[in-house]
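Colleague: Have a look at this one before I ask anything.
The values are calculated or read from the model by the stated rules, or taken from the named source; none is laboratory data. Just so it is clear, the structure is predicted and the values come from calculations on it, not from any experiment. Ideal geometry is used to build each Cβ from the backbone, glycine not excepted, and the neighbour counts take in all protein chains shown.
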Amino acid sequence: MKKLILNDGQKLPTVSFGTYKSKGQEGIEAVSTAISSGYSLIDTAAVYGNEETVGKGIKASGASRKDIFVTTKLWRENLGYESTKKEFEKSLNRLDLKYIDLYLIHWPANAKNYDNWQKTNADTWRAMEELQAEGKIKSIGVSNFFQEHLEALFETAKVIPAVNQIEFHPGYWQQELVSYCKKQNITLEAWSPLARGKVFENEVLKEIAKAHNKSVSQVCLRWIIQHEVIAIPKSTNPERIQENIELFDFELTSAEMEKIDHLPKMGFSGELPNIWPDKV
């Protein structure tokens, strides 16, 4: 599988396995199946409540730790210097690992929830920089950060975020933010790559899928990786897990890419960094 080189030199595969809502034995089996199907980048978060499940799934797969890249995230209600250090250790223990490959701030502090959101994000980031310097984290990054949050962070950051994981799918892909992150050499990851299932009803996508003898989900995921963005599909179904990684035996034409780029808005989550926990 093709890999993208992060600004810190670490290489990440272009498809990650999402684990949101995967819990218990089903979750353990899903992670183990994903690894044996060829996924090596596994995505979880403290708020998913399944880090323990993910850790067990990695062990059950029998894969060597050095071949697996684990991403987890710090929840938005636990930001700040001391809290970050504590929460990181909890995640590390739940995953039962000695280090995390990629640790992300799940959502930025905002004015609605923090008196000084800039300082809160800066303090959180400083704690993450220290954890990285200690070797407990390989790469540090953010999630759901707009340009304004990144610019504020740059004022004090010693390390530029390696990744920004954002909502990115046909019908909502934040082109301006994508372009800004690429200029800053920040790699993008796409959450909700299938727009909460809204893509399956789209005639344009169905037509393109038919032309390639592929599924609509494969077309959407291929569109994401052709944008040089890491896709994070999630499933607990073994056939679907396999299907979502079979993206490297076809290519979308520039005309098809453009058609998908210009699809009308669909599947937007309503979640924005400056208004959480509210939605639009």
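Colleague: Could you check how many residues of the range 20-38 are touching a strand residue (DSSP E or B) at 6+ places or on another chain (Cβ under 6 Å) and either in a loop (DSSP other than H, G, I, E, B) or β-branched (Val, Ile, Thr) (or both)?
Modeller: Residues meeting the conditions: 1.
Colleague: Would you mention how many residues in the range 107-153 are over 30 Å from residue 66 (Cβ atoms) and part of a strand (DSSP E or B)?
Modeller: Count: 0.
Colleague: Now for a different question. Going through the range 49-70 one residue at a time, which ones are in a loop (DSSP other than H, G, I, E, B), over 19 Å from the mean Cα position of the chain (by Cα) and not polar (S, T, N, Q)?
Modeller: 62, 63, listed by residue number.
Colleague: If you don't mind, there's one more thing I want to ask. Residues in the range 105-128 that are of a type in the set (Ser, Thr, Tyr) and crowded, with 18+ Cβ neighbours inside 10 Å: how many? Give the derivation first.
Modeller: Quick first cut of the range 105-128, residues of a type in the set (Ser, Thr, Tyr) only: 114, 120, 124.
Imposing the further condition that a residue be crowded, with 18+ Cβ neighbours inside 10 Å reduces the set to 120, 124.
So the answer is 2.
Colleague: So which residues in the range 126-168 are of a type in the set (Asp, Glu) and either without any contact (Cβ under 8 Å) to a residue 60 or more places away in the chain or under 25 Å from residue 97 (Cβ atoms) (or both), if there are any at all?
Modeller: 129, 130, 134, 148, 151, 155
Colleague: Another question, then. Of all residues being touching a residue at least 60 places away in the same chain (Cβ under 8 Å) and in a strand (DSSP E or B) in the range 169-188, which is farthest from residue 231 (Cα to Cα)? Just the residue, please.
Modeller: Among them, the one singled out is 172.
Colleague: May I pose another question? Let me spell it out: the conditions are (1) in a helix (DSSP H, G or I); (2) under 19 Å from residue 193 (Cβ atoms), and residue 73 meets all of them except one. Which number is the exception?
Modeller: It fails just one condition, (1).
Colleague: With respect to the numbered conditions (1) out of contact with any Phe, Trp or Tyr (no Cβ under 8 Å at 6 or more places or on another chain); (2) of a type in the set (Val, Ile, Thr); (3) surrounded by fewer than 22 Cβ atoms within 10 Å (Cβ to Cβ), which one is the sole condition not fulfilled by residue 178?
Modeller: (1)
Results for (1) touching a strand residue (DSSP E or B) at 6+ places or on another chain (Cβ under 7 Å); (2) among the β-branched types (Val, Ile, Thr); (3) more than 28 Å from residue 122 (Cα to Cα), shown as yes or no for each residue.
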| site | (1), (2), (3) |
| --- | --- |
| 162 | yes, no, no |
| 219 | no, yes, yes |
| 241 | no, yes, yes |
| 248 | no, no, yes |
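Colleague: Further question on the same structure: I need the helices (runs of 4 or more DSSP H) fully contained in the range 189-280, keeping only those with at least 3 residues that are within 27 Å of residue 36 (Cβ to Cβ).
Modeller: Fully inside the range 189-280 and qualifying: 216-226, 238-243.
Colleague: From the list 243, 258, 228, 251, which residue is surrounded by fewer than 20 Cβ atoms within 10 Å (Cβ to Cβ), charged (D, E, K, R), over 17 Å from residue 205 (Cβ atoms) and at pLDDT 95 or above?
Modeller: Going through 243, 258, 228, 251 in turn, the sole match is 228.
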